[in-house]
Each structure stands twice: as C-alpha cells, then as structure tokens.
Amino acid sequence: MFQNDINILAIETSCDETAASVVRNGREIRSNIISSQIELHKLYGGVVPEIASRKHIEKINQVIKEALTVAGVTLDDIDAIGVTYGPGLVGALLVGVAEAKAISFATKKPLIGVHHIEGHISANYIENQELEPPFLSLVVSGGHSHLVIVEDYGKYQIVGRTRDDAAGEAFDKVARAIGLGYPGGPKIDKLSKEGNSQAIQFPRAHIEGSPYDFSFSGLKSAVLNYINSMKMKNEEINKADVAASFQEAVVDVLVTRTIMAAKDFGISKVAIAGGVAANSALQNAMSKACKENIIEFYYPSPIYCTDNAAMIGVAAYYEYINEKYSGLDLNAVPNLKIGER
C-alpha cells in the first residue's frame, strides 16, 4: 500500500454540470466545485446538448483552478487525473476528457477514465467511511435505473435494469405534463408532500422472467392518460395527488425490486445512488424496508446524489491503487455499459 497520501484531481462533464474535485485517499473530499447549468436549460424544458458543451468549455478551466485552490494544492501535489468518459452526452464528455488528457500529458501524471455510474455508486463511500463491498446498489437517475451488485472496488454485476424510461426521465416527463417544469424530480418530490399518494392507483410493471428489471413507460403513459381523460371531462386535476400517486408507484417498484434482490442474493447492505436517490420518499421507504428486513442502508447527501466530481475522484482512487490507468487515446463513450473499459 502507498505510504504517502494520494491526491486525485477529478473532472466531471457528462451532462449539464461542470465539476472538479480534489479527493485524498479515496474518502476525503478536499474540494468539490460544481458549476450548474440548470437555470440555463430551464428555458428549454430540458438539457440542450450543444449549449451544455459550449458552457463546459467556458467554465472548465475556472472550475479546475478553483478546486485546486480550495483544496490548497497545486498540480504538483496531484498523483492522477480522473475523468468521466461515459456514459453521457458525447459533446459534454469530450470537453472533460480533452481537458483531463491535456493535464495528464503536461504533468506526466496518470490518466484514469471513470464510468459515470460507477462514480455514482462510489459516492456512498464519502460519508459512510465504514461501507465496503460487497453490497447491492440501486442506481436511479435521469438516464439510468440499475440494480448492481458491487462485488469489490471496481467490480460490478448488473442484476436489474430499466427496459425503457429511466426513473428520473419518467419524473421529468410527468412533471412537464402537470406543468411543473424542469428539473422534474425535486419539484414532484416537493409537491407530493401536499398530495394523497393513495388518491390514484397507477400501475406497477412486472417483467416476466426478469424479476429485478424495471419499466416506467407504462406508468408514465398511465399518468398522461389520466390527465387527458380529466381534461376531456372538464374535471379539475389535483396536481399534488397526481404527483404523490405517481411518486408512490415509482418508489414502490424501486424498493420492492431492491429488497427482493438483496434477499435473493443474500446481501445484507443496500445503497442508493444517482439524482433520484435524493428523493425523500425513496429514502424513507427504502430505510423502512431495509429496517424491516435487517439490511443496512446507505445513501449520499443530496450534493453527492446529483452529478459531481467528488464521486469520480473516489472511483478513480480505487482504479489508481489497482493501477488501472487509461492511455492518451481515451475517448468519450456516450453509451458506455457498466463494467466495460
């Protein structure tokens, strides 16, 4: 094992956050700087890839400089450069990858390409110092819904995935349909607190022969059909009840699949990760279900649920100590599958 502290400079530009972080020894966050584009993309009701890419180019040098300053280090103190190289928006990813390669080449420090989803899972290590593999992780975000067995650091087995819409994508589409705007997840979470989650019975999809997989397109369609039918009958729509009932259906499916997988695979630790992991109803329901089934439950703070570079730095550290480096031919891979390199 290394005798000196290991400092990783991490870069994340997979979607609409330009982020940089300095992570020491895989668990200590020295800095975590995030420049968000949410206000910009709100104008369009979602992320516009070309605008996101241009904004990353404008912000990336400034964000990295700030991350180093806040951490109290220079590039001389950095041992390796970690960067998200997929999955994500190809133009956005390319900005981060090009920057990381340039710094790696100029400083002669190792380059480490990090899988974005592995980064989200690794966010759980930041505040839960005692957490170590193996454990089961539910990854839920705007583009992903996965059930992953974390067998070891950097070693993953996918046991469940979405067949269509990701959970976060469904949140955004339903939020738009009831006039809440973008981003949908936090707005539905907030409005749901004013509604009755049992007011409308929306469907829960079960996939024959794939008990741990998810499907949210039918649920999304059911919500849209309900809204349209109410409009056709000129009946008032209780937005809070729609939001709460929709959220209840999503959370119910996520929790029941996760607990079933944990029991079936004999796993006693469950973690959640990704943007939707910040959802209060999901956290509460998962916590309750884990307690009832004597399963330890972990989740990151909201700042580490959404896209950030600290989680990328944590994942990169474990790649670094296992000497899993990338070459300067590293490229953006927008549809990168978990476990691929």
Show me the three semi-axes of the equivalent ellipsoid for the range 133-300, from the C-alpha gyration tensor (sqrt of 5 times each eigenvalue), largest first, rounded to whole Å. 29, 15, 14
Once the convex hull of the alpha carbons of the range 184-266 is built, what does its volume come to per residue, in cubic angstrom? 102 Å³
Could you tell me the calculated FRET efficiency between residue 237 and residue 217, based on Cβ-Cβ distance and R0 = 25 angstrom, to the nearest 0.05? 0.75
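Greater than 31 Å separation of Cα atoms is the criterion. Which listed pairs, 55/239; 155/291; 193/233; 193/337; 101/337; 59/220, meet it? Don't jump to the answer; show the numbers that get you there.
Numbers: 55/239 34 Å; 155/291 27 Å; 193/233 27 Å; 193/337 35 Å; 101/337 22 Å; 59/220 35 Å.
Correct reply: 55/239; 193/337; 59/220.
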At a threshold of 8 angstrom on Cα-Cα distance, excluding pairs fewer than six apart, so keeping six or more, what relative contact order does the chain reach in percent? 25 percent
Give the span of the range 44-141's Cα atoms along each principal axis, as three whole-Å numbers ordered largest to smallest. 41, 38, 22
Within the range 301-341, GluC sites (Glu not before Pro) in DSSP loop having at most 16 other beta-carbon neighbours inside 10 Å: 323, 340
Compute the distribution of all C-alpha to C-alpha distances in the chain, in bins of 20 Å from 0, and list the percent of pairs in each, rounded to whole numbers. 32, 55, 12, 0
How much length would be gained if the chain were fully extended between residue 329 and residue 106, taking 0.36 nm per residue of separation minus their Cα-Cα distance, in nm to one decimal? 78.8 nm
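To the nearest 500 deg cm²/dmol, what mean residue ellipticity at 222 nm is calculated for the chain from DSSP H runs of n ≥ 4 alone, each contributing -39,500 (n - 2.57), summed and divided by the residues? The partial results should precede the final answer.
On the way: 12 runs with 148 residues, N = 341.
Result for the chain: -13500 deg cm²/dmol, rounded to the nearest 500.
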Whole-Hz Karplus couplings 3J(HN,Hα) for the range 325-333, θ = phi - 60° and coefficients 6.51, -1.76, 1.60, Gly and Pro as x, run 9, 10, x, 6, 8, 3, 10, 6, 10
May I ask you to sort 115, 120, 56, 41 by Cβ crowding, counting other Cβ atoms within 10 Å and putting the fewest first? 41, 115, 56, 120
A correct fewest-to-most ranking of 215, 104 by other Cβ atoms within 10 Å would be 215, 104
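By how many nm would the segment from residue 36 to residue 287 lengthen if fully extended, with 0.36 nm per residue of separation less the alpha-carbon distance?
87.4 nm
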Find how much the distance from residue 127 to residue 194 grows on full extension, using 0.36 nm per residue of separation minus their present alpha carbon separation; answer in nm with one decimal. 21.0 nm
Count the net charge of all other residues whose Cβ sits under 14 Å from the Cβ of residue 328, scoring Lys and Arg as +1 and Asp and Glu as -1. +1
Going by how many other Cβ atoms sit within 10 Å of their own, how do 297, 105 line up, fewest first? 105, 297
In the chain, which whole DSSP H runs stretch at least 27 Å along their own axis (Cα) and average 0.0 or higher on the Kyte-Doolittle scale? 239-264
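Here, each number is a calculation from the coordinates, and none is a lab measurement. What you are looking at is a predicted structure, and each value in this text was computed from that prediction instead of being measured. All Cβ positions, glycine included, derive from the backbone under ideal geometry; neighbour counts span all protein chains shown.
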